[in-house]
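Taking it in order: structure first as structure tokens, then the write-up.
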Amino acid sequence: MSNISDDKTKITFEAEPPASEEFVAQVMSRVRQEAHPHSAWLEYLKPQEWIVSSLVFGLAVVLLSPMLTEDSSYSVDSLLSSQADMEFHSLVDEDAALESFFLEDSFGEL
Amino acid sequence: MGEVEEEDEEIVRRVLAGDTDSFSLLVRRYESKIRGFCANMLGDRELAWDAAQEIFIKVFKKLEGFRAEAKFSTWLFNISRNHCIDLLRKKKIFRFISFDFISEEGLSAEFQSGTGVDRQLEAKEVSKFILSKLSPDQRALLLLREFQGYSNNEIAEIVGSTEDSVKSKLKRIRKKVKELGQLEGGKDE
């Protein structure tokens, strides 16, 4: 506590608090978040956790890659050919419908 | 031992160059001063802790706007003063331990007869009372002059005013403090 005299009036100020490492740590934690807002969570991972995470990710890629390769067979070509098939089938159906109509019609006339 | 302390402005340059961790040097260097300043401005140590944290975060965010021709400490106290004044204006905070012993006529007889510890508490309480009666601007000026020990010229730089203006304001503040101090004036003699 420091006393400042001004003639007869004394003002006793609240003394400067002792240095606090906790305070510094809290400020710096927030400062690092401000500096790297998107990668702040990375600081929470320990080195061994990093290794495990990387292994899991790698394994997932290896396991999923055949499925991804199969999926890639559904390319633009295959889409186009399947569309062409559909169009062909619809034309055939249309022809068949017309044929049956005429047949019915002609039978009707008979 | 014998190590030359690195200049604040040099640390600022390093932080701006990407060395974020160097900012901790500035926090360590000034945290006690800023927490002390905030405690006297706000009248509460816990509020002062939070306010001081916000101030350092603000300083970090605004670091690019720091002009090298100004002293870092001057700039830091400018931000601290403005932050505390904002808090006081918005939330109207200033906490007291207890002022039951102060009436319009002065200190209660019970309190005046106190000894040792009571006297210390009394001085602290009366000082808090006096500070609470000053406007946030006046309180900041008095603290910068009497508590932080800045010169009128440095205060003028911190508050963005002239030395003459600071001088006359401090004169008015001291007069007000003396009037408020009449409460305790008689009993010391």
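The values are calculated or read from the model by the stated rules, or taken from the named source; none is laboratory data. Remember, it's a predicted structure, so these values are computed and weren't measured experimentally. All Cβ positions, even for glycine, are placed from backbone atoms using ideal geometry, and neighbour counts span all protein chains on display. These area figures cover heavy atoms from the full protein model, side chains too; ligands, DNA and RNA do not enter into them. Shrake-Rupley method; radii C 1.70, N 1.55, O 1.52, S 1.80 Å.
As an exercise, find the ratio Rg/Rh for the range B:1-95 from alpha-carbon atoms, using the Kirkwood inverse-distance average for Rh. Numbers along the way, then the final one.
Values: Rg = 14.1 Å, Rh = 14.0 Å.
Using only Cα positions, Rg/Rh for the range B:1-95 is 1.01.
Volume per residue of the convex hull around the Cα atoms, evaluated for the range B:6-52, comes out as 75 Å³. Taking all C-alpha pairs of the range B:138-181, those more than 17 Å from each other amount to 22 percent. Rounded to the nearest 10 square angstrom, A:SER20 shows an accessible area of 20 square angstrom against a 1.4 Å probe.
Ranked by accessible surface with a 1.4 Å probe, highest first, in what order do B:PHE147, A:PHE57 come? If you can, show how the numbers build up before the last one.
Numbers: B:PHE147 30, A:PHE57 145 Å².
Result of the area sort, largest leading: A:PHE57, B:PHE147.
Each Cα pair under 8 Å and six or more residues apart adds its separation to the average, and for the range B:1-95 the resulting relative contact order is 28 percent.
At a probe radius of 1.4 Å, figure out the B/A buried accessible area, summed over both chains, and give it in Å² to the nearest 100. Please list the in-between numbers first.
Details: alone 11720 and 10610 Å², together 19080 Å².
Approximately 3200 Å², summed over both chains.
Residues of the range B:1-95: accessible area per residue at 1.4 Å, in Å²? Can you show the working numbers first?
Working: 4950 Å² over 95 residues.
In whole numbers, the range B:1-95 has 52 Å² accessible per residue.
Local charge for B:ALA156 was computed over the other residues whose Cβ lies under 12 Å away, with Lys and Arg +1 and Asp and Glu -1, and equals -1. Stretching the chain fully between B:SER165 and B:ASP137 yields a gain of 8.8 nm (0.36 nm per residue, less the alpha carbon separation). Inter-label distance, A:GLU22 to B:GLU6: 2.8 nm, where each label sits 7 Å from its Cα along the C-beta direction.
Per-residue SASA remark: A:GLU34, around 80 Å² accessible (1.4 Å probe; ligands, DNA and RNA not included).
For the range B:27-78, applying the loop criterion from DSSP together with a ceiling of 14 other beta carbons within 10 Å to the trypsin sites (Lys or Arg not before Pro) yields B:ARG67.
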